[in-house]
Amino acid sequence: MATDSSPLALAKAQIRRRMRRLRAAQPAHAAVAAAGHLPPSLLSAAHTVAGYRPQGGEIDPLPLLRLFAAAGAELALPVAVAADAPLQFRAWAEGDALEVDIFGIPSPLPASPEVRPDLILAPVLAFDRHGGRIGQGAGCFDRTLAQLRATGPVIVIGLAFSSQEVERAPTAMHDQALDAILTESGYIEAEKDT
């Protein structure tokens, strides 16, 4: 398999390396602090909320998912079923049994109903205030968000540590923008380019 050596790919790879080191040093309590900055209007507006299982030092969305569940939202987690396909979202509740998907990430069982989230908490390696996001590099979230946005509205909130902010995230045409970013320091509404 050929490696992409374009300037964009190299810039993303450099940011990923730096952010993985930064993220590994962040305190676990930052997730609770981030949850405290969630705008109350989002709690009442979301009906189906997708989180994720944190990997490699990602900020844990569980405190936020608990808030949404307490407000009456149905929860879901993503499931990778093929490396080059959009993610599926399956219903999930805290305590449900999980099994690893094709990437080795704990995910809801195949018997769990597939759902369409109207709000997604997305893991982030780096972000900017324009909604630019750098993820792990497999393109799963970009494919998934493109597919969801083609069928209706969905709010996508990047969940990150404030230290993961960059001035401008290098992005390609297929990269999907975040609507907002939530960190332990606050809630940032994305400044959309005009």
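Among ASP84, ASP175, ASP128, whose mean-square fluctuation peaks in a Gaussian network model of the chain (Cα, cutoff 10 Å)? Result for the chain, Cα springs under 10 Å: ASP84 fluctuates most. When the helices of the chain are scored as -39500 (n - 2.57) per DSSP H run of n ≥ 4 and the total is divided over every residue, the value at 222 nm lands at -8000 deg cm²/dmol.
Rounded to the nearest whole angstrom, the semi-axes of the ellipsoid equivalent to region 118-194, taken from the Cα gyration tensor as √(5λ), stand at 18, 14, 12, largest first. Residues VAL49, VAL166, VAL156, ranked from the fewest to the most other C-beta atoms within 10 Å, line up as VAL166, VAL156, VAL49. Each peptide in 104-113, 176-185, 55-64 gets a packing score, the mean of other Cβ atoms within 10 Å over its residues, and the list from highest to lowest is 176-185, 55-64, 104-113.
Kirkwood's formula applied to the C-alpha pairs of region 67-136 gives a hydrodynamic radius of 13.5 angstrom. Ordering 120-126, 149-155 by mean Cβ neighbour count within 10 Å, with the highest value first, yields 120-126, 149-155. About the centre of its Cα atoms, the chain shows a dipole size close to 460 debye [charges on the beta carbon of Lys, Arg (+1) and Asp, Glu (-1) only; nearest 20 debye]. Bridge orientation summary for region 7-189: considering DSSP beta bridges with both residues in this region, about 50 percent are antiparallel.
The numbers here are math on the coordinates, done by the rules we state, and not lab data. Source: prediction; values computed, not measured. Quick reminder, even Gly has a Cβ in these numbers, built from the backbone with ideal geometry, and neighbours come from all protein chains shown.
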